[in-house]
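The values are calculated or read from the model by the stated rules, or taken from the named source; none is laboratory data. All values reported here derive from a predicted model rather than from experimental measurement. In this analysis, Cβ positions are derived from the backbone assuming ideal geometry, glycine residues included, and neighbour counts consider all displayed protein chains. To get the accessible areas, we keep the full protein, side chains included, count just its heavy atoms, and leave off ligands, DNA and RNA. Shrake-Rupley method; radii C 1.70, N 1.55, O 1.52, S 1.80 Å.
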Amino acid sequence: MSPSSPSSLTEAFVNIKASHLIVASVVFIVYFILHKLYIYPFLLSPLRNVPGPSLGHPLWGQFPKVINSESGLPQREWVKQYGPVVRVIGPVGLDRLMLLKPEALHKMMVADWLDYPRPGFLRKVLGHVTGYGLLTVTGDEHRQMRKAMNPAFSIPNLMAQTDMYYDAIQGLVDIFASQTISKEGKEIQVYDWMSKVTLDIICATSFGYHTDSLHNPHNELAEAYEHLVGLQSGPNIAMLILTMVIPGMPRFLQSELAHQYRSLFTHIRILAPLSTLIASMHSIKRISAQMLKEKMKESIESGMVEGDSELSGKKDIMSILVRARTREVGSGYRMSDEAMMAQVLRFLGAGHETTASGLTWTLWLLVNDISSQERLRAEVGPVYAQNSRPDYKTLRDMKWLDCVVMESLRVMPPVPITLRKAAKSDYIDGLFVPKGTLFWIPIRTINTWTNVWGDDAEEFHPERWLNLPKNYNSTFSTFSFIAGPHMCIGKTMAIIEMKAVLAALIASFTFEPAYEGQTALTAAAITMKPTDGMPLKVKRVQDL
Ligand code: HEM
Ligand SMILES: *[C@@H]1O[C@H](CO)[C@@H](O)[C@H](O)[C@H]1NC(C)=O
């Protein structure tokens, strides 16, 4: 081979080029990795001097610790150690920030909420499990949708709806009574029943639909939600997030094809939960579509007509919204009846498991504080002796009941943590935060911050609410429903519903640990579902 032949020269050139290219690429990739993992977070990030834990895992940062712990607890430990402004390094060197002070929360959640939306992956996951709706939209679209939905949650409507809770509540009381005939009482899996009663209540109040999962052990909707909620675990959520960011994946998982071949996922261990996810979502969607169809038919037949006053006629949320809508003239944003009803269906996902967890932990806290439980029985007992369907005002005005529910929501918030992302660079409470930074909104940590609540902040003491601490701020000292335009639309409803269920149970039953030394843990990643279904020993008050 002659070195001067043009072809070999080209070849040599190409070879040199190729090897250079490879070397250059390797150098680049190594640099890129080093940059992402170490150079940026430790030398360049504007947040590098903010206090916080060490890197953790060289690739995943503190992520493994977060997903393998009880939800919200590592964050609380970090705040205890580093104070109200904490920076944690997450996967591939990305910054996470936690800000606890009211000023910071006010800016992110209220004043400049549009600059701090829920991160895209969270919207994708929520959108997948609850559907497109208030939880997944932002900006103008959110404002208009929220405006259309708000009327259904007005106080007069909630007052009118309270009575609708009692079919389910009395069903529950009867079931507990029939299970506890023996004087020794009976061990009952409390979480399962709370989940059923709240499902029946939300179906009744949302669409006037009589689910009666309480009396149907294999109610398909209840089972689908049970499976869905059971999927929650740090690693599963992480897998789901990774899956959802693959383009086309969210749509594929919703498809008939995926449903048909879902069992294939069970062959790959880490993907196995997808099969359950697909099956549950499929059932929920099918039953929802059925409810929607019936409701549409009913609304046409009964002619939910213009001019009906808000409180006459059916009192479920869907009927109220359809009536409110037909009365509203000339507004720019008009959802179709069907779109509106589809929206109401989302409340099922947002309002069922949360309230069930809230109730379950309230019972647990009362099991561990017998004097608070007895004090509650002394308050609700006489009320129930007179009327077993107390109305909105009666429930609202029972003072100790209020203390118990507020305190439970404070120490065991059903949604322990949520997320936000900086859509632009800005100063928050004096700290420069670059665009793209991910925020934990550590609800459970905010609720139990010693600066506000004192050294016993993590303990359950309902009497706090009779004499609030001097640093208490009514918007930012407990954050169980967050604040601002994205504040939980169901907040007042959830609180009154919890009171109605709790009061009925405490008036008729006593609750004790199921066994000596019982402890309880949350399995949860998104909500606070207890790991073991929460067995408790239940006895009838009349037998005491
Ligand atoms: C104790 C029970 C409940 C708790 C602790 C709770 C908590 C929350 C939290 C923390 C958020 C904000 C999530 C975020 O922005 O990252 C939220 C939003 C929401 N909740 Fe609830 N919730 C409860 C019950 C309910 C009920 C009963 C309903 C419906 C009837 C409901 C419907 C919604 C909706 C639609 C949103 C989205 C609001 C928006 O972005 O505009 N929730 N909830
Ligand atoms: C709570 O904190 C916010 C933000 O700092 C402030 O604007 C508001 O006035 C405070 N409210 C009370 C009752 O202290």
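Determine whether segment 445-455 contains at least one residue that is surrounded by fewer than 16 Cβ atoms within 10 Å (Cβ to Cβ), assigned to a loop (DSSP other than H, G, I, E, B) and either modelled with pLDDT of 95 or more or of a type in the set (S, T, Y) (or both).
yes
Please determine whether any residue of segment 100-110 is on the phi < 0 side of the Ramachandran plot and away from ligand 2 (no atom under 16 Å from the Cβ).
no
List every residue pair whose Cβ atoms sit under 6 Å apart, with the two residues 6 or more apart in sequence or on different chains, where the first one lies in segment 472-493 and is among the aromatic types (F, W, Y) and the second, anywhere, is within 9 Å of ligand 1 (Cβ to nearest atom) and open to solvent by less than 30 Å² (accessible area, probe 1.4 Å).
Correct list of pairs: F479/I443.
Surrounded by fewer than 19 Cβ atoms within 10 Å (Cβ to Cβ) and polar (S, T, N, Q) - does that describe any residue in segment 501-510?
no
Considering only residues that are outside any helix (DSSP H, G or I), open to solvent by 20 Å² or more (accessible area, probe 1.4 Å) and touching a residue at least 40 places away in the same chain (Cβ under 8 Å), which ones fall in segment 211-238?
Of everything in segment 211-238, those that are outside any helix (DSSP H, G or I), open to solvent by 20 Å² or more (accessible area, probe 1.4 Å) and touching a residue at least 40 places away in the same chain (Cβ under 8 Å) turn out to be D212, H215, L231, Q232, S233.
Please verify whether segment 416-433 includes one or more residues that are open to solvent by less than 60 Å² (accessible area, probe 1.4 Å), within 16 Å of ligand 2 (Cβ to nearest atom) and not β-branched (V, I, T).
Scanning segment 416-433 turns up at least one residue that is open to solvent by less than 60 Å² (accessible area, probe 1.4 Å), within 16 Å of ligand 2 (Cβ to nearest atom) and not β-branched (V, I, T).
Taking segment 92-110 as the search range and keeping residues that are more than 23 Å from the chain's Cα centre (by Cα) and either surrounded by fewer than 17 Cβ atoms within 10 Å (Cβ to Cβ) or modelled with pLDDT of 95 or more (or both), which one is farthest from ligand 1 (Cβ to nearest atom)?
Filtering segment 92-110 for residues that are more than 23 Å from the chain's Cα centre (by Cα) and either surrounded by fewer than 17 Cβ atoms within 10 Å (Cβ to Cβ) or modelled with pLDDT of 95 or more (or both), the one farthest from ligand 1 (Cβ to nearest atom) comes out as V92.
Out of segment 461-483, which residues are more than 16 Å from ligand 1 (Cβ to nearest atom), open to solvent by less than 70 Å² (accessible area, probe 1.4 Å) and not in a helix (DSSP H, G or I)?
The answer is H461, L468, P469, Y472, N473.
Does A148 meet the test of being in contact with an Asp or Glu (Cβ under 7 Å, 6 or more places away or on another chain) and assigned to a helix (DSSP H, G or I)?
No, not satisfied.
Working carefully through the options G127, G133, find the one that is part of a loop (DSSP other than H, G, I, E, B), more than 16 Å from ligand 2 (Cβ to nearest atom) and more than 30 Å from V79 (Cα to Cα).
Selected residue: G133, the only one of G127, G133 that is part of a loop (DSSP other than H, G, I, E, B), more than 16 Å from ligand 2 (Cβ to nearest atom) and more than 30 Å from V79 (Cα to Cα).
Scan M487, M528, M534 and give me the residue that is more than 24 Å from Y82 (Cα to Cα), within 16 Å of ligand 2 (Cβ to nearest atom) and of a type outside the set (G, A, S).
Selected residue: M487, the only one of M487, M528, M534 that is more than 24 Å from Y82 (Cα to Cα), within 16 Å of ligand 2 (Cβ to nearest atom) and of a type outside the set (G, A, S).
Out of all the residues in segment 401-435, which are among the polar types (S, T, N, Q) and not in a helix (DSSP H, G or I)?
Listed by number, the residues that qualify are T418, S425.
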